[in-house]
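Bear in mind these aren't lab numbers, they're just calculated from the coordinates by the rules spelled out. Note that this is a predicted model, so its numbers are computed, not measured. Cβ sites come from the backbone with ideal geometry, for glycine too, and all protein chains shown count toward neighbours.
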Amino acid sequence: MTDAADVPASQDPALEREVERQCAVLLRGVVDCVSADDLRRRLRVALRDGRPLRVKLGFDPTSADLHLGHAVVLRKLRQFQDLGHHAVFIVGGATAMLGDPSGKDKTRPQLSREQVEANARTYLAQATKVVAAHERQLGGRAGELEIRNNADWFLGFGFADFIRLASKMTVARMVERDNFTQRMKDGQPIGIHEFLYPLLQGQDSVEVKADVELGGTDQLFNLLVGRDLQADAGQAPQVCLTTRVLPGLDGVQKMSKSLGNSIGLTFSADEVFGKVMSVPDALMEAYYTLLTDLDDPQWRGLASSDPREAKAALAARLADWLHGAPAGSEARTRFDRLFRDREVPVDVARVVLPRAEVPGGRLWIAELLCRLKFASSRSEARRLVLGGGVKLDGVVVADEKHEVVLERELLVQAGKRRFARVALSD
């Protein structure tokens with residue numbers, strides 16, 4: 001295929017209109033694009049030759065779950081797919097063992113290969129809540145999803161291979177990275193292995209011959225290293241697109257499961273709805289912009305006039321997105337019954353039960369009440385149930401032999417004043 005850098009603007013007006021249409025979609029919400037002109041050239045060649053762009057996105061399975069913060073850039077990958085381009089999803093089976101220093105103020109703990117493989121098994125099912133997992137014929141081109149694991153090439157690297165890769169980066173260039181510079185100023189240690197991470201991510205781009213790589217703004221340095229390594233390998237340097245980082249529920253730090261401020265893609269519709277309703281009003285602009293395709297006037301007026309309604313509309317929309325309609329409206333009905341109608345206090349305590357002590361995530365209702373200290377004995381617990389004084393998520397439990405399944409967080413109520421949110425430990 002002709003190098004995109006050598007392709008001038010086409011004399012075909014229809015082709016140019018399509019290039020601009022796709023650019024308008026793909027650059028929406030983008031912070032960094034290196035570069036927009038190169039993206040246009042590559043789209044021009046792809047449309048002219050009928051060869052979809054290869055668009056790379058990688059995630060390290062450092063935990064078992066993806067969350068809405070990950071969904072921001074996954075949505076951008078899906079936009080490329082919907083325009084007929086080829087998505088390359090890289091599971092960082094090797095890089096997760098090293099640990100990405102992006103946005104970190106200290107060295108990340110390293111994971112074992114067994115931990116990484118266990119986490120990786122959950123990633124694809126979660127990612128495909130957002131991206132298309134099958135071949136999609138759009139405009140005569142296939143918007144496919146290609147799954148790769150960088151352990152397939154890095155775990156086969158020899159000592160000499162790593163030395164050659166390390167020789168492609170200078171220390172001076174590496175310490176240009178913002179968080180490395182700040183850590184040095186703060187006297188925080190930086191491990192030599194952390195210098196290797198951008199090189200490994202960049203080598204991924206060489207291995208899969210990426211035309212475009214996506215990432216959050218904290219990934220820009222790594223994406224640019226990929227351009228350098230591709231040029232060194234004789235490939236056309238990839239276009240780098242970054243999206244804004246989604247703030248977590250605390251409104252301060254980026255969304256992260258380890259910080260306890262995330263909304264998981266596997267959360268139930270009720271959990272999604274409830275968590276979104278707890279988001280600070282000031283984050284509505286970021287959440288609407290990064291997680292929906294709605295235009296500014298469609299939500300900004302509502303956010304100004306009725307912040308709660310704007311938040312509820314977003315919560316229902318996200319629940320529908322992850323679980324299908326009418327999950328959002330049903331979750332809203334349950335939420336309103338519990339909270340807006342003041343049946344439940346806002347500051348309900350959260351109780352986490354050790355998973356090892358709840359075989360199969362199931363236990364009898366009487367045992368649960370005893371564990372919560374809502375009853376002093378099983379006989380008292382059974383009397384509470386038979387008297388109609390026990391509710392799970394607002395629904396009365398009338399069977400004293402009811403088996404509670406803790407697949408998700410449950411709201412438990414005993415009598416009029418005792419409440420607890422119950423979940424199992426990870």
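Between ASP60 and GLY92, the built amide H atoms are under 5 Å apart, and every one of these is 5 or more places off in sequence or on another chain.
Using r as the Cβ-Cβ distance of VAL351 and ALA132, and R0 as 56 Å, what FRET efficiency do you calculate, to the nearest 0.05? Walk me through the intermediate numbers first.
Details: r = 39 Å, r/R0 = 0.70.
Using R0 = 56 Å, I get an efficiency of 0.90.
Checking the cross-link pairs LYS311/LYS391; LYS254/LYS416; LYS129/LYS401; LYS254/LYS373 against a 29 Å limit on the alpha carbon distance flags LYS254/LYS416; LYS129/LYS401; LYS254/LYS373 as lying beyond it.
In order along region 112-121, the phi-based Karplus estimate (6.51 cos²θ - 1.76 cosθ + 1.60, θ = phi - 60°) of 3J(HN,Hα) comes to 7, 4, 5, 4, 5, 5, 5, 5, 4, 4 Hz; Gly and Pro are listed as x. Partners of LYS209 within straight-line reach, counting lysines whose Cα lies under 17 Å from its Cα and excluding those fewer than 8 residues away in the same chain: LYS56. For region 337-426, applying the loop criterion from DSSP together with a ceiling of 10 other beta carbons within 10 Å to the trypsin sites (Lys or Arg not before Pro) yields ARG342, LYS401, LYS416, ARG417.
Each Lys or Arg adds one and each Asp or Glu subtracts one; over the other residues with Cβ under 11 Å from the Cβ of GLY29, this totals +3. Would you please classify the overall shape of region 285-346 from the alpha carbon gyration tensor, given that a ≥ b ≥ c denote the square roots of the eigenvalues, rounded means a/c under 1.5, and beyond that prolate means a/b larger than b/c while oblate covers the rest? It comes out oblate by the Cα gyration axes. A simple count of charges around ASP250, restricted to other residues whose Cβ falls under 14 Å of its Cβ and scoring Lys, Arg +1 and Asp, Glu -1, yields +2.
Between ASP393, ASP12, ASP270, the residue with the greatest mean-square fluctuation in the GNM of the chain (Cα pairs under 10 Å linked by springs) is ASP12.
Calculated from the structure at hand, volume of the Cα convex hull per residue in Å³ is found among [x] 196; [y] 130; [z] 169 as [z].
Note down the relative contact order for the chain as a percent, whole number, built from C-alpha pairs under 8 angstrom at least six residues apart.
Values: 704 pairs, mean separation 57.7, N = 426.
RCO, the chain: 14 percent.
Each Lys and Arg adds +1 at its Cβ and each Asp and Glu adds -1 at its Cβ; summed about the Cα centre, region 212-327 shows a dipole of about 180 debye. Dipole of the chain computed with +1 at Lys/Arg Cβ and -1 at Asp/Glu Cβ about the Cα centre; of GLY415, PHE159, ILE263, farthest Cα towards the positive end is GLY415.
Assuming 0.36 nm per residue, please report the length gained on full extension of the stretch GLU176 to ASP393 beyond their Cα-Cα distance.
Details: separation 217, 0.36 × 217 = 78.12 nm, distance 5.15 nm.
Length gained, GLU176 through ASP393: 73.0 nm.
Relative contact order, percent, of region 267-340 when contacts are C-alpha pairs under 8 Å separated by at least 6 residues? Kindly include the intermediate steps, with their values, before the conclusion.
Details: 65 pairs, mean separation 32.3, N = 74.
Here the relative contact order equals 44 percent.
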